[in-house]
Amino acid sequence: MKLVLTSDVKRKLGEIKRKTPKLSEKIHKKLELFVDNPKHPSLRNHKLKGNLKEAWSISVEKDLRMLCYFDEDGVIFFDIGTHDQVYNRK
């Protein structure tokens, strides 16, 4: 499966890596797990509703989500953040 990270996600991952390297490692492990098995229970992968109805979400940890779209070539991760950040419920 081809995995693509948008420039926004790459920027956010760079910030996370500088501020909290252990969290950065955890994110990379979750992405590796996703590539191996997108349906792994620890990812809590699920389709979203409403204005994000074409997107899916995986959980990195309790309050950290990564949002993605599936296409014919693979998957595109387009956002990462807390539950409130990615679902615009600030």
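None of the figures in this text is laboratory data; all of them are computed from the coordinates on show. These figures come from a predicted structure and were not determined experimentally. Cβ: placed from backbone, ideal geometry, glycine included. Neighbour counts: every protein chain shown.
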**Q.** Mean Cα-pair separation over length for the chain, i.e. relative contact order, pairs under 8 Å, 6 or more apart, %
**A.** 29 percent
(Q) Test of understanding: given the chain, find the longest segment containing no GluC sites (Glu not before Pro) that are in a DSSP loop and have at most 15 other Cβ atoms within 10 Å. (A) 1-53
Q: Compute the distance in nm between two label points, each set 7 Å from the Cα along the Cα-to-Cβ direction, one at E54 and one at E25.
A: 3.8 nm
**Q.** Sites M1 and D63, calculated FRET efficiency, Cβ-Cβ separation with R0 30 Å, nearest 0.05
**A.** 0.70
Q. What shape does the range 4-55 have by the C-alpha gyration tensor, where a ≥ b ≥ c are the square roots of the eigenvalues, rounded means a/c under 1.5, and otherwise prolate means a/b greater than b/c and oblate the rest?
A. oblate
Q) When you take every Cα atom in the chain, what is the radius of gyration, and what is Dmax, the widest Cα pair distance, in Å? A) 12.3, 35
